[in-house]
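Visitor: Below are the structure tokens for one structure; questions will follow.
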Amino acid sequence: MVELEKLNEDEVRMLIDIEPERMQEALDQAFRKIAKRVRVPGFRPGKAPRPIVERAYGPQHLYEDALNEIVPKAYSDAIEELKLTPFEDGTIEAIDPKDDKGVRIKARVLLQPEITLPDYHSWPRDEAAPAEVEDAAVDAALLEERRSHATLVPAEVCGENSVVEISGTYVDDEGKAGTIERTQVALDRSFQAFRDALQGARVGESRQVPLDSEHPDRTAHVTVEDIREIELPEADDAFAQGHGHQDLKEMRAELANALRAEAQRVAEDRRRSALLDRIIAEAELRLPEALVEREAHGALHELYGDAAHDHEVDEEIRRQAEQQVRAKLVVGRILDQEGIGLNQAEFDAARRILERSRGSQGLSEQEQQSLYGILLDEKLRSFLGTLGEEPAAAEAAPSENAETAAEAGPAGPAGEE
């Protein structure tokens, strides 16, 4: 027998009664399993009398084994009987023995919220205008090419374009001293205060470098160990020909094409992100309070660690939690509605790519979840790219960017069909 108790708009409690006969059947089944494993002196495996086996194994252990078998089945049967759609696996709040030797199970269930998505298939496609590439951008790209093939020559004095090796000490934002091991720094890529402090310095000289204009105590004391100047190759036809181009004009044209393609890729990525943001914003749903609370307290733990219980959820944290829950629910609904998923073969192919890049080192469970999330996100973004066009297959190949998967946050279960 199953009773249903409504707790709030999003959660229910199921009261599931296990009859004595069903409980006894589970106990008998549990006994048959352990009887083959428990060794009782003087008896062959599986032949010892039940009272002796139960004393050897422990009546409580036998009872728990029976519950482990019967509770999941009773829970799933109750879900089916009541025609509920859980958002996730429910929580077993209590398992209480009854006087008639039956059992009552109390299970709290968070229901799948109703989500109505907007008709995004009918939305017109907002194509970005072709990217314009300025000469200055091509000049900068050409400079990077020259810089990647530059040589370093010895110099006596630090200048704007010097590459220096330094060592020394520093004071961090907590007032603690640290050591700067000998390291190379390109001054034209460092922050202004560092460049200014080292201008005119020679090998062996020490300089004081401010690290934070608002906190004068945060400084570094560095000694110049070596000075080099960047010597760039000339930007001419010979340089271009040495790197596979007919002449400098052709090299600049190809650099411009590469910049244009990258700008178009970025614009398309932004278009897809904006499209997803619009779907999330226009979807109709009511946020389950339990999910918002869970997200908010997770944010508190990320901010304060073990001291999270000393802090309360403020308005900003709650607002961000609501946004996160809305986004997760709507994305999940899109994936379900469009049949976007990841099968085992696709996941395994991407996993092997990542493992090869790491020297066949296996992935941890968290890394596999991260990889799963990245691959599923790629499929979603591939689908978003088809909206506004004629329907087309949006299946994504295993990620070529799998090497970055372990750096992302956990997602769904690895290998889900």
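Visitor: Would you calculate, for the chain, the mean residue ellipticity at 222 nm contributed by helices, counting each DSSP H stretch of 4 or more residues as -39,500 (n - 2.57) and dividing by all residues, to the nearest 500? If you can, show how the numbers build up before the last one.
Guide: Details: 11 runs with 185 residues, N = 417.
Computed mean residue ellipticity for the chain: -15000 deg cm²/dmol.
Visitor: Hey, got the dipole for segment 248-407? About the Cα centre, +1 on K and R Cβ, -1 on D and E Cβ, debye to the nearest 20?
Guide: Working: 21 positive and 34 negative charges, 140 e Å.
In total the dipole reaches around 680 debye.
Visitor: I've got another one for you. Note down the relative contact order for segment 1-106 as a percent, whole number, built from C-alpha pairs under 8 angstrom at least six residues apart.
Guide: Numbers: 112 pairs, mean separation 36.9, N = 106.
After rounding, I find 35 percent.
Visitor: Can you give the charge dipole size of the chain about its Cα centre, rounded to the nearest 20 debye, using +1 on the beta carbon of Lys and Arg and -1 on the beta carbon of Asp and Glu? Could the numbers behind the result be given before it?
Guide: Working: 51 positive and 90 negative charges, 495 e Å.
My answer is approximately 2380 debye.
Visitor: Mind telling me which of Val71, Val103, Val163 comes out most flexible in a GNM of the chain, alpha-carbon contacts under 10 Å?
Guide: Val163
Visitor: Rounded, prolate or oblate, given the Cα gyration tensor of segment 248-407, with a/c below 1.5 counting as rounded?
Guide: Details: a/c = 1.70, a/b = 1.43, b/c = 1.19.
Prolate, since a/c reaches 1.5 and a/b exceeds b/c.
Visitor: Here is a further query. Take the cross-link list Lys106/Lys328; Lys73/Lys98; Lys83/Lys106 and give me the ones stretching past 21 Å between alpha-carbons. List each step's numbers first, then the result.
Guide: Details: Lys106/Lys328 28 Å; Lys73/Lys98 19 Å; Lys83/Lys106 17 Å.
Pairs exceeding 21 Å: Lys106/Lys328.
Visitor: Based on alpha-carbon atoms only, what is the radius of gyration of the chain relative to the globular estimate 2.2 N^0.38 Å? Intermediate values should be presented prior to the final figure.
Guide: Working: Rg = 32.5 Å, N = 417, 2.2 N^0.38 = 21.8 Å.
Relative to the 2.2 N^0.38 Å estimate, the chain comes out at 1.49.
Visitor: Provide the packing ranking of 106-118, 301-313, i.e. peptides ordered by the mean count of other C-beta atoms within 10 Å per residue, highest first.
Guide: Working: 106-118: 16.8, 301-313: 10.8.
So the peptides 106-118, 301-313, ranked by packing, come out 106-118, 301-313.
Visitor: Here is a further query. Do any GluC sites (Glu not before Pro) in segment 175-252 lie in a DSSP loop with no more than 12 other beta carbon atoms within 10 Å, and if so, which? Display every interim value, and only then the final one.
Guide: Working: sites: Glu181, Glu205, Glu214, Glu225, Glu229, Glu231, Glu234, Glu250; in loops: Glu205, Glu214, Glu234.
Answer in residue order: Glu214, Glu234.
Visitor: Okay, next question. Where in segment 166-257 are there chymotrypsin sites (Phe, Trp or Tyr not before Pro) that are in a DSSP coil and have at most 12 other Cβ atoms within 10 angstrom of their Cβ?
Guide: Values: sites: Tyr170, Phe191, Phe194, Phe239; in loops: Phe191.
Those satisfying the criteria are Phe191.
Visitor: Continuing with the same structure: Quick one: check the C-alpha center-to-center distance for segment 145-165 versus segment 316-373, whole angstrom.
Guide: 44 Å
Visitor: If you don't mind, there's one more thing I want to ask. Restrict the search to segment 142-175; then list the GluC sites (Glu not before Pro) that DSSP places in a loop and that have at most 14 other Cβ atoms within 10 Å of their Cβ. Don't skip to the answer; put the middle values down first.
Guide: Values: sites: Glu144, Glu145, Glu156, Glu160, Glu165, Glu174; in loops: Glu156, Glu160, Glu174.
Hits after loop and neighbour filter: Glu156, Glu160, Glu174.
Visitor: Net charge near Ala263, counting Lys/Arg +1 and Asp/Glu -1 over other residues with Cβ under 12 Å of its Cβ?
Guide: Numbers: positive: Arg260, Arg265, Arg270; negative: Glu132, Glu134, Glu262, Glu268, Asp269.
Here the count lands on -2.
Visitor: Could I ask something else about it? Based on the Cβ-Cβ distance from Gln24 to Gln324, what FRET efficiency comes out when R0 is 51 Å, to the nearest 0.05? Don't jump to the answer; show the numbers that get you there.
Guide: On the way: r = 47 Å, r/R0 = 0.93.
Computed FRET efficiency for Gln24 and Gln324: 0.60.
Visitor: Assuming a ≥ b ≥ c are the square roots of the Cα gyration tensor eigenvalues, decide whether segment 53-210 counts as rounded (a/c under 1.5), prolate (otherwise, with a/b larger than b/c) or oblate.
Guide: Values: a/c = 4.75, a/b = 2.08, b/c = 2.28.
Oblate is the answer for segment 53-210, as a/c is 1.5 or above yet b/c matches or exceeds a/b.
Visitor: Evaluate the relative contact order of the chain (contact order divided by residue number), counting alpha-carbon pairs under 8 angstrom at least 6 apart; express in whole percent. Walk me through the intermediate numbers first.
Guide: Values: 578 pairs, mean separation 53.5, N = 417.
For the chain, the relative contact order is 13 percent.
Visitor: Does segment 2-110 come out rounded, prolate or oblate by the C-alpha gyration tensor, with a ≥ b ≥ c the root eigenvalues, rounded set by a/c under 1.5 and, if not, prolate when a/b is larger than b/c and oblate if not?
Guide: On the way: a/c = 3.29, a/b = 2.77, b/c = 1.19.
Prolate.
A short reminder: the numbers here are calculations on the coordinates, not readings from a lab. None of the values given here were measured: they were computed from a predicted structure. Methodologically, a virtual Cβ is constructed for each residue, glycine included, from the backbone with ideal geometry; neighbour enumeration extends over all protein chains shown.
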